[in-house]
Amino acid sequence: MRTHMSFATKDLDASVAFYRTLLGVEPAKQYKDYALFLIDDPGLELALSRDADASVAGGAHYGIAVDSADFVRNMIRRLSQAGLPVDTELDETCCYAVQDKVWATDPDGRRWETYHVVAEANERDGSTETCCTSGATNCC
C-alpha cells in the first residue's frame, strides 16, 4: 500500500531537486511537465505536475515520521548540504511529545517536517510560541 499525493508546481525542475533531496531518491518518471517519485518505505507515490497557477493553502504542512534522532540529524545535513534553508527543533515539546525535527520548504511554499518522537509528554507544547517554530499555524 502507498499513499498517493499530487502537487501542482510552478517550477518543476526546482521541485524535483527539492524532493530528490528530501526523499533521497530519483524520480521514477520525469518529463517536461510531470515527475513521479515512488518510495517503498514509507509507501509513497508523489506526483508533481507543472502548473503556472499553482498555489498552496496556508496553514497546511506535511510530515515524515522517522525511527531515530540520527535520521533527523542526517536529514539536517542532507538538506543543508543541498543549500536548502532549514529550521531545526531538537528536544522540544510539541503536540504532547518531545521531538527532534527539521523543517524545509518546497519551492511552492509547502512546509515539510521530518521528525522523531523522543518521548511522550503530558503537555501539548513547551509554550505556544516554541512549538513548531517553523511558522506553521497548525503544527500538530
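The values are calculated or read from the model by the stated rules, or taken from the named source; none is laboratory data. What you see is a predicted model; the values in this text were computed from it and never measured. Please note: Cβ atoms are built from the backbone with ideal geometry, for glycine as well, and neighbour counts cover all protein chains shown.
Quick notes on this structure:
- Residue satisfying all of: in segment 80-107; touching a helix residue (DSSP H, G or I) at 6+ places or on another chain (Cβ under 6 Å) and among the aliphatic types (A, V, I, L, M); surrounded by the fewest Cβ atoms within 10 Å (Cβ to Cβ) among these: ALA82
- Only one of the numbered conditions (1) in contact with a helix residue (DSSP H, G or I) (Cβ under 7 Å, 6 or more places away or on another chain); (2) within 18 Å of VAL56 (Cα to Cα) is violated by MET5, and that is (1).
- A search for C-beta distances below 8 Å between a residue of segment 91-103 that is over 20 Å from ASP70 (Cβ atoms) and not assigned by TED's automatic domain parsing to the domain that holds THR21 and any residue that is surrounded by fewer than 16 Cβ atoms within 10 Å (Cβ to Cβ) and modelled with pLDDT of 90 or more, counting only pairs 6+ apart in sequence or on different chains, returns TYR96/GLU120.
- Out of GLY58, GLY24, sole residue that is farther than 18 Å from HIS4 by Cα and surrounded by fewer than 16 Cβ atoms within 10 Å (Cβ to Cβ): GLY58
- Those strands (runs of 3 or more DSSP E) of segment 1-80 in which at least 3 residues are under 26 Å from ALA119 (Cα atoms), considering only elements entirely within it, cover 61-65.
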